[in-house]
1. How high is the FRET efficiency from Arg41 to Asp94, r the C-beta distance, R0 30 Å, rounded to 0.05?
2. All other residues with a Cβ under 9 Å from the Cβ of Leu80 taken together, and with Lys, Arg as +1 and Asp, Glu as -1, what is their net charge?
3. Take the Cα atoms of segment 48-103, build their convex hull, and give its volume per residue in Å³.
4. How many nm separate the modelled label positions at Leu77 and Thr65, each set 7 Å beyond the Cα in the direction of the Cβ?
Amino acid sequence: MTAEEAIAAVPTPDRASQRPAQGRHGRTSMKQPLLDPLSQRELEVLQLLAGGASNQEIATALVVTPGTVKLHVSHILSKLGVNSRTRAILRARDLGLLTGEHTLSK
């Protein structure tokens, strides 16, 4: 079973009550139930991670170096209190942080 299949198999809670809040300039932003919320860039990296992108693919999509992506991933894992990319995706889904907006077009 691939990581994507494992993640897809996990039931997600009903998030009807966790609607995005309206942010600056009409953008929607998710109110995060974390003590140290993810930055906008970390959320972008997380979305791409959830889509199965490698560090190199994320770096290319966001026009940063792979080292910068590794740093973002490290911060994401720490803030979500997990120790793997797969667990980060599962935790983010549980918290309603994944929106499906940022995916790589292959």
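Where a number appears in this text, it was derived from the coordinates with a stated rule and is not lab data. Owing to the predicted nature of the structure, the values given are computational and were not obtained by experimental measurement. When we count neighbours, we look across all protein chains shown, and the Cβ atoms used for this are built from the backbone with ideal geometry, even at glycine.
1. Step by step, r from the Cβ atoms, then E = 0.90.
2. +3
3. Hull volume normalised by residue count: 70 Å³.
4. Placing both labels 7 Å beyond Cα along the Cβ direction yields 2.0 nm.
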